[in-house]
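Some notes on the structure that comes next.
The values are calculated or read from the model by the stated rules, or taken from the named source; none is laboratory data. In this text, all values refer to a predicted model and were calculated from it rather than measured experimentally. Here the Cβ positions follow ideal geometry from the backbone for every residue, glycine too, while neighbour counts run over all protein chains shown. In case anyone asks, the SASA skips ligands and DNA or RNA and just uses the protein heavy atoms, side chains included. Shrake-Rupley method; radii C 1.70, N 1.55, O 1.52, S 1.80 Å.
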Amino acid sequence: MGRAVLLTHQTIVISHGEISQSGNAGEIVPPAGAEMINGAGKTIIPGLVMLHEHLYYTIPLETFFKMGETPFTFFNVAEMPSSFPRMYLAGGVTTMRTAGSIEPQTDLALRRMIGEGKLIGPDMDVTGPYIERKGFDIPSINIIKDTAEAAASVNFWADKGCTSFKMYMHITKGDLRNVVREAHKRGLKVTGHLCSVTYREAAEIGIDDLEHGFMASSDFDEAKKEDAFDYPEAHQALQNLDVNSPKMKSLISFLVAKKVALTSTLPVFEPVTNREVIQGGGGDAVVDVVKERVTTGWKARQFKDSAAANLFARELVWEKQFYDAGGLLVAGTDPTGSGRTIAGYADFREIELLVEGGFTVAQAIKICTLNGAVYLKRDKEIGTISVGKKADLVLINGDLSKEIRNIRNTELVFKNGVGFDSPKIFASVKGKVGMN
Ligand SMILES: [Zn+2]
């Protein structure tokens, strides 16, 4: 395992897609004829390995009216096959896991086309369609009817090339047991955005990862019934939980002992008051009509989100407690929610928010690089700047250790030793997010 350290005056040599030399400037002699990039005043970090990404995005709908006058709308997402893969790359993400898919066939095809060099984007660990029971009116979500179908869908989508699975909020312990069994037989991993199953129950069954930090934990709802979904109660219990609760400490110790990873997805929970509409400085990327709707929702919640802001602040502390207890904290952005979170830009924001939460810059970068690689069991080839690893690197203008917002000044992203111009890629998607 690498250390979370920042070094100065380093020279890195890339050749044949790999890091061939790395060390103190002056001790490393670049090969004759090598193309030189002067990094004075700049920061270089490993390519980001982000584990809660999607190739789709929330398009807020207007309110419909169903029979009578009851207001009705539904949670609407749309695949962004053209803009999102390249935006992740421009945001420094060289490896990612999609954490749930609405068009698994599209995600798999995009991974293939990126591999064939037809599109630019990160290497992808593609998660199958959500494994969920009937419950929400989210038209794009996949619904199973029983535990047998839970197992069958793992095998169906694993045969098609999916390498991860995600359980959702209404599943049963039986569903999870079957999915874990079938996925683990193939060496594949299972994560969950849970509610009907508690974190402790999921860890006992053998889940590998839990999404959204502790925000999806129903463990603190004292009246919770087995396999029952009661999000309002679960959420209220979190709202009431003390930041130094011994119950949380006990859950953290249990998860660490069971080696369950925890995925931080701070951007999707970031409060609105006095904060950006589109996070990470990505406002220009969103098509006008969608940006207008997102902005309307953001304005409506200004100065009305104190409870959410308060829980967000405690979530930051709990993630730090998990990390400090030796837990494998990994990260992602979750470009869903109210539409403020978009590919690439939100990855910058996740790093900034980890630092807001008290992590050092080096720890925040480690969470977003090496820890993701460890989870994916790819830490021998990616995740740190080490000789022999793939040349996946991000060059940032400015000293990141002095000002974390410098992450937004990402200049070059190297994937397999090939450099991509981040500002140029972002310029190419101006006004496109929300359209394709
Ligand atoms: Zn998600």
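So the values come out like this:
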| quantity | calculated |
| --- | --- |
| Every residue from segment 315-333 that is open to solvent by 10 Å² or more (accessible area, probe 1.4 Å), part of a loop (DSSP other than H, G, I, E, B) and either touching a Phe, Trp or Tyr at 6+ places or on another chain (Cβ under 9 Å) or within 16 Å of the ligand (Cβ to nearest atom) (or both) | 328 |
| Cross-chain or 6+ apart pairs with Cβ under 7 Å, segment 229-246 first and open to solvent by less than 90 Å² (accessible area, probe 1.4 Å), then in a helix (DSSP H, G or I) | 238/311; 239/307; 239/311; 241/248; 243/314; 243/317 |
| Strands (runs of 3 or more DSSP E) within segment 49-160 that include 2 or more residues of a type in the set (Ser, Thr, Tyr), under 29 Å from residue 171 (Cα atoms) and within 16 Å of the ligand (Cβ to nearest atom) | 56-58 |
| Any chance residue 277 is open to solvent by 10 Å² or more (accessible area, probe 1.4 Å), assigned to a helix (DSSP H, G or I), over 22 Å from residue 242 (Cβ atoms) and touching a Gly at 6+ places or on another chain (Cβ under 9 Å) | no |
| Filtered residues of segment 295-314 (kept if in a helix (DSSP H, G or I), hydrophobic (A, V, I, L, M, F, W, C) and open to solvent by 20 Å² or more (accessible area, probe 1.4 Å)) | 298, 300, 307, 308, 309, 313 |
| Qualifying positions in segment 365-378 - more than 18 Å from residue 88 (Cβ to Cβ) and in contact (Cβ under 8 Å) with a residue 12 or more places away in the chain | 366, 370, 374 |
| Odd one out for residue 37, checked against (1) open to solvent by 60 Å² or more (accessible area, probe 1.4 Å); (2) part of a strand (DSSP E or B) | (2) |
| So residue 18, is it more than 24 Å from the chain's Cα centre (by Cα), closer than 20 Å to residue 383 by Cβ and among the charged types (D, E, K, R) | yes |
| Given (1) crowded, with 20+ Cβ neighbours inside 10 Å; (2) small (Gly, Ala, Ser); (3) over 30 Å from residue 342 (Cα atoms), number of the condition residue 282 does not satisfy | (3) |
| Some residue of segment 53-61 being within 25 Å of residue 129 (Cβ to Cβ) and open to solvent by 40 Å² or more (accessible area, probe 1.4 Å) | yes |
| Positions within segment 285-294 being buried (at least 16 other Cβ atoms within 10 Å of the Cβ) and hydrophobic (A, V, I, L, M, F, W, C), in sequence order | 285, 286, 287, 290, 294 |
